[in-house]
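Beneath this line is the structure, given in structure tokens, with notes to follow.
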Amino acid sequence: MKYEWRKKEKEIYLPQNKPVLIDIPRYKYYTIRGAGNPNSSFFGEYIEALYATSYAIRMSYKKGLEPENFYEYTVYPLEGIWDISEKAKQSFDGTLDKNELVFTLMIRQPDFVSNEFAETAKEWAMKKKKNSHIENIKFIEITDGRCMQMMHHGSYDNEKESFLIMEEFCTENNLKRKTKQHKEIYISDPRKVAPEKLKTVLRFQVS
């Protein structure tokens, strides 16, 4: 039976639209770093590169080249860690200039994926897809640790409303947000879903 994160890991990927505390363990990811306005055309190339490598692993069994302990699964959703440049931080006045954004995009990989196999899958993806960003993808392990998260419904431009709710919850429960950096997990595909119906998990680390 295919492993589906939507059914097996609901508390991690499908929280309600209210703040909740959660401890996120160490997971394996394909990641790629970038900077600039995500509304620009280049941004889609980063996403394409991540999915190309992720599906190279997912479909490896069809070539009879799957790694040991492989099982069928649904590819995990796209995630992004967002911040602003150091230059922007020095003069930040509360107004976000999307051209000053810096990001790390990522897609989680199953536990059976080794460093060696992740590099092999990258090579397959580079042969199949003409995308120069694939070469810059890294396979690493990340621990989010203790976090505050909630599901945001609606446009990305309205995320500030959900962050205010999350920060109020932190204040009321004697929690402190570690940094202004945050993670987004894209449950909806913006190419297929209207902005007002988008679902995005918002998450930041707390102490």
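Rounded to the nearest 10 degrees, the angle from helix 115-128 to the longest Cα principal axis of the chain is 80 degrees.
With the Cα gyration tensor of segment 112-207 giving a ≥ b ≥ c as the square roots of its eigenvalues, does the rule (a/c under 1.5 for rounded; else a/b larger than b/c for prolate; else oblate) give rounded, prolate or oblate? Taking the square roots of the gyration eigenvalues as a ≥ b ≥ c, segment 112-207 is oblate. For segment 2-80, the orientation-averaged shadow of the C-alpha convex hull comes to 7.4 nm² (one quarter of the hull surface).
Per-residue accessible area (protein heavy atoms, 1.4 Å probe) orders Lys129, Lys183 as Lys129, Lys183, starting from the largest. Exceedance of the 22 Å cut-off in Cα-Cα distance is limited, within the set Lys10/Lys199; Lys7/Lys180; Lys8/Lys28; Lys89/Lys138; Lys18/Lys197; Lys28/Lys176, to Lys7/Lys180; Lys89/Lys138; Lys28/Lys176.
Roughly how many Å² is the accessible area per residue of segment 65-196, as a whole number, for a 1.4 Å probe? With all protein chains present, segment 65-196 gives 60 Å² per residue. Any idea how far the Cα center of segment 146-199 sits from the one of segment 43-95, in Å? Value for the Cα centre distance between the two parts: 19 Å. In this simple spin-label model, placing a label point 7 Å from the Cα along the Cα-to-Cβ direction at both Gln181 and Lys129 gives a separation of 2.5 nm. If you take the alpha carbon atoms of segment 1-44 and fit the smallest convex hull around them, that volume is 177 Å³ per residue. Looking at segment 65-126, the GluC sites (Glu not before Pro) that sit in a DSSP loop and have at most 10 other Cβ atoms within 10 Å of their own Cβ are Glu68.
Relative contact order of segment 37-177: 27 percent, from C-alpha pairs under 8 Å at least 6 residues apart in sequence. Coordinate range of the alpha-carbon atoms in segment 1-159 per principal axis, descending: 55, 36, 25 Å.
For the chain, find the longest principal axis of its Cα atoms and tell me its angle to the long axis of helix 159-172, 0 to 90°, nearest 10. It is inclined by approximately 70 degrees. Label-to-label distance for Asp93 and Asn115 is 4.7 nm, based on points extended 7 Å past Cα in the beta-carbon direction.
Shown is the FRET efficiency for Asn39 and Arg6, computed with R0 = 25 Å from the Cβ-Cβ distance and rounded to the nearest 0.05: 0.35. In plain terms, the chain from Asp23 to Lys62 could stretch by 10.5 nm, reckoned as 0.36 nm per residue minus the Cα-Cα distance. The apolar share of the surface of the chain, taken as the fraction of accessible area on carbon and sulfur atoms (1.4 Å probe, ligands and nucleic acids excluded), comes to 48 percent.
The values are calculated or read from the model by the stated rules, or taken from the named source; none is laboratory data. Only a predicted model underlies this, so the values are computations on that prediction, with no experimental measurement involved. Every residue, glycine as well, gets a Cβ built from its backbone with ideal geometry; the counts of neighbours run over all protein chains shown. These accessible areas exclude ligands, DNA and RNA; they are computed on the full protein's heavy atoms, side chains included. Shrake-Rupley method; radii C 1.70, N 1.55, O 1.52, S 1.80 Å.
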